[in-house]
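Here is the structure we will look at.
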Amino acid sequence: LLEPYVSPNAADIRPEWKAADGSWTGVYLGVLGFCSNRRVLAERGLSAPTSWQDLLDPRYASNISVAHPSTSGTGFTALWTQVSLAGGDQNKALEYMRSLRPNVLQFTRSGVGPIQQVSRGEIATGIVFSHDCVKAKEEGISDLEVTFPREGTGFEVGGVAVVKNARNPEGAKRYVDWALTAAAQEVGPTAGSFQVPTNPSAKIDERSAQISQIQLVDWDFAAAGAARSELIKRFDAEVATAPAS
């Protein structure tokens, strides 16, 4: 479906954030984090979590939410983060998720579902892409707070690509060129998008994740894709079934 195109501006992007053959190039990073409601945390005598282990505290019983990995890319990112932290050991990753299960009120269908629950004060903390929590806070939910696990966390790369057999391939290439510039990537926060730009010259908004201060896990996209189907089946069987449509 994609026509490889190596933009001259792609040279500025880290190798791990683009395809070597030019089939896609990253324009932003979304970093997985914790979105907490400070009021609810205070009611339960908790501080905003800064560790995956913090979420296992019994005081979080029914006060955590995360999307299900079969219905949400955010949910699968959370699951594969545990695999990455376990050095690729899927058994250990599922063991952690089973330990977390008593504290999970709901495995939502969408990645932003937990933010809605946190915003309403139904739960203390959601495991979400941090930029979505920032957006909700900017829209007026002042009790929200973003934190990141010190052990390491997963991330997504949003890419841009040229569609094969497009009606205007030269225009598509020019768009890719533009999307990879610092100026283009600095537009996001003005429209409520607080992902991290991939162009190293782009200014990172102070409300976005500061990746120089966050531990990112080693992310193997190929391994994650190959393991996805069977790992989700095991998650369904050993942790929680997917929510009904």
| Kirkwood estimate for region 90-231, i.e. one over the average of 1/r between Cα atoms, Å | 17.9 Å
| At a 1.4 Å probe, what is the % contribution of carbon and sulfur to the accessible area of the chain? | 49 percent
| 1.4 Å probe accessible area per residue over the chain, in Å² | 48 Å²
| Of Ser36, Pro49, Trp24, whose Cα points farthest to the positive end of the dipole of the chain (charges on the beta-carbon: +1 Lys, Arg; -1 Asp, Glu; origin at the Cα centre)? | Ser36
| field | Net charge dipole size for the chain [Lys, Arg +1 and Asp, Glu -1 on Cβ; Debye, nearest 20] | value | 380 debye
| query | Rounded to the nearest 5, what is the percent of antiparallel bridges among the DSSP beta bridges in the chain? | reply | 70 percent
| What does the convex hull of the alpha-carbon atoms of region 1-121 project to on average, in nm²? | 9.6 nm²
| Where does region 1-55 land on Rg(C-alpha)/(2.2 N^0.38 Å)? | 1.95
| field | Straight-distance crosslink candidates among lysines, where the alpha carbon sits under 22 Å from Lys203 and sequence neighbours closer than 8 are dropped | value | Lys18, Lys135, Lys137
| field | Mean ellipticity per residue at 222 nm, deg cm²/dmol - from DSSP H runs of n ≥ 4 across the chain, formula -39500 (n - 2.57) | value | -9500 deg cm²/dmol
| field | Cβ-defined net charge surrounding Leu216, 14 Å radius [Lys, Arg +1; Asp, Glu -1] | value | -3
| request: For region 43-104 and region 152-193, compute the distance between their C-alpha centroids and round to whole Å. | output: 31 Å
| task | Post the alpha-carbon centroid distance, region 200-224 to region 113-136, in whole angstrom. | result | 20 Å
| request: Compute the relative contact order of region 1-155 as a whole-number percentage, counting only Cα pairs closer than 8 Å that sit 6 or more residues apart in sequence. | output: 35 percent
| note | Binned at 5 Å starting from 0, the alpha-carbon pair-distance distribution of the chain in whole percents comes out as 1, 7, 13, 17, 17, 16, 13, 9, 5, 2, 1, 0
| Karplus couplings for region 31-47 from phi (6.51 cos²θ - 1.76 cosθ + 1.60, θ = phi - 60°), rounded to Hz, Gly and Pro as x? | 9, 6, x, 10, 10, 10, 9, 4, 5, 5, 4, 4, 4, 9, x, 10, 9
| field | Dmax and Rg, reported as Rg then Dmax, of region 88-136 (C-alpha, Å) | value | 12.5, 36
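The values are calculated or read from the model by the stated rules, or taken from the named source; none is laboratory data. All of these numbers come straight from a predicted model, not from anything done at the bench. For neighbour counting, all protein chains shown are included, and Cβ atoms are generated from backbone atoms with ideal geometry for every residue, glycine included. Heads up: the accessible areas ignore ligands, DNA and RNA and are worked out on the full protein's heavy atoms, side chains in. Shrake-Rupley method; radii C 1.70, N 1.55, O 1.52, S 1.80 Å.
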